[in-house]
Structure formats: structure tokens, C-alpha cells
Amino acid sequence: MTERPAENSIVVGVDGSEASQAALRWAAEQARALHAVVVAVHAWEPVGPGLAPYAPVTARPTPAEQRVEAARLLASTVREVFGPRIGDRVRAVVVEGQPARVLLEQAHGALLLALGHRTDGSDGRPALGPIGRACLRGAIVPVVAVPAGDGHPALRAVGAA
């Protein structure tokens, strides 16, 4: 069973994208105001049958290698957003499993779930992907979709952490 965050936490889905970095910055600002903890969650699924059967064994990362890469991605994203001194108000969690399911499980009992999203470019409307849509459908806590990029007015108000 996966350890769940404390009730006074804000869970953030992290995939290394600019949008997830924006969500981490936003969550940190909210956590300060609410005296909460940020729980940065990266969910990963093993790569397997997607490779051709004739692919060399060296092209197929082991589950252990994939887990290490997932942890590296999360750590580098958290460092990119918060710098080298993270503190005790941010926890990083790597969980193997389908991302929407993992995020919903991790957010159970939290204050809210924050996800990054990009704008689709054509009319500036949010382009929430399938994981974000699944989280919106299944969440029992509020879900906040934070836009990518510093140019958005809401992010200018929050600023970098």
C-alpha cells in the first residue's frame, strides 16, 4: 500500500514539464498561506511491450533503471523549482502505477490536487490532457489546473518560489 500524504498537504502531479513546474510554484505559494506541505508526486509505468520484440536487450530498461530515472526526473524538477535547499515543507514521492490513479490515491485526504496544463495555442483555452481529465472526473478533493508559463497573469502574481 502506498503511503498517503498528511491531510494538511497539497499534492502536485510532476512530469518534468514547464506546466508541472508552474503547478509546483503555485502549490508552494498556497502551502505557505495555508501552512501546508507540498507533496510532489511523479507516477511512472514500466516500459515493456511497446518495444519491438527484436529490439536489443540493452534498449529495454529494467524496472529498477526506470524507477531510478523516475526518481531522477522528480528530483531534478523539484530542484529546478525550489533550488538546492528544499526544506521540510516539500516531500517528493515516486510511485509506480497509472498516473491518474496514483495522483487520485495520493490526493485522497489532501487539501487539493494541483496539476499543470498548457494552453492549446489556438484560442488560449486550457488543454488538459487525459490524465488531468481523469483526475477531474475522479477526484474527491478540489483540483486546480495551473497554466504553464510565466506570462499568465495568475503566475505573475504568485512569482517564483
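The values are calculated or read from the model by the stated rules, or taken from the named source; none is laboratory data. Because the structure is predicted, anything quoted here is derived from the model rather than measured. Positions of Cβ are generated from backbone atoms using ideal geometry, with glycine treated the same way; all protein chains shown enter the neighbour counts.
Restricting to segment 107-126, and then to whatever is within 12 Å of the chain's Cα centre (by Cα) and more than 20 Å from GLU7 (Cβ to Cβ), can you tell me which residue is modelled with the lowest pLDDT?
Going through segment 107-126, the residues within 12 Å of the chain's Cα centre (by Cα) turn out to be 107, 113-117.
When the remaining residues are screened for being more than 20 Å from GLU7 (Cβ to Cβ), the result is 116-117.
Details: GLY116: 93, HIS117: 87.
Once the filter is applied, the top-ranked residue is HIS117.
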Quiz prompt | Among residues of segment 60-101, those that are over 14 Å from the mean Cα position of the chain (by Cα) and either in a helix (DSSP H, G or I) or among the hydroxyl-bearing types (Ser, Thr, Tyr) (or both), counted | solution = 9
Quiz prompt | Residue under evaluation VAL41, criteria (1) over 17 Å from LEU104 (Cα atoms); (2) of a type outside the set (Lys, Arg); (3) modelled with pLDDT of 95 or more, criterion not met | solution = (1)
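What number of residues within segment 1-14 are buried (at least 18 other Cβ atoms within 10 Å of the Cβ) and modelled with pLDDT under 95? Step through it out loud before you land on a result.
As a first pass, look at segment 1-14 and keep what is buried (at least 18 other Cβ atoms within 10 Å of the Cβ): 5, 9-14.
Pick out the ones that are also modelled with pLDDT under 95 and you get 5.
Result for segment 1-14: 1.
Can you tell me which residue is modelled with the highest pLDDT among those in segment 146-157 that are of a type in the set (A, V, I, L, M, F, W, C) and buried (at least 18 other Cβ atoms within 10 Å of the Cβ)? Spell out how you get there, then give the answer.
First pass over segment 146-157, keeping only residues of a type in the set (A, V, I, L, M, F, W, C): 146, 148, 154-155, 157.
From what's left, buried (at least 18 other Cβ atoms within 10 Å of the Cβ): 146, 148, 155.
Details: VAL146: 93, ALA148: 85, LEU155: 43.
Step by step, filter segment 146-157, then rank; the result is VAL146.
Would you check if GLY129 is surrounded by fewer than 19 Cβ atoms within 10 Å (Cβ to Cβ) and either under 18 Å from GLU18 (Cα atoms) or modelled with pLDDT of 95 or more (or both)? Full working, then the answer.
Values: surrounded by fewer than 19 Cβ atoms within 10 Å (Cβ to Cβ): yes; either under 18 Å from GLU18 (Cα atoms) or modelled with pLDDT of 95 or more (or both): yes.
Criteria met by GLY129.
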Quiz item: What number goes with the only condition from (1) over 19 Å from GLN30 (Cα atoms); (2) at pLDDT below 95; (3) crowded, with 17+ Cβ neighbours inside 10 Å that LEU104 does not pass?
Solution: (2)
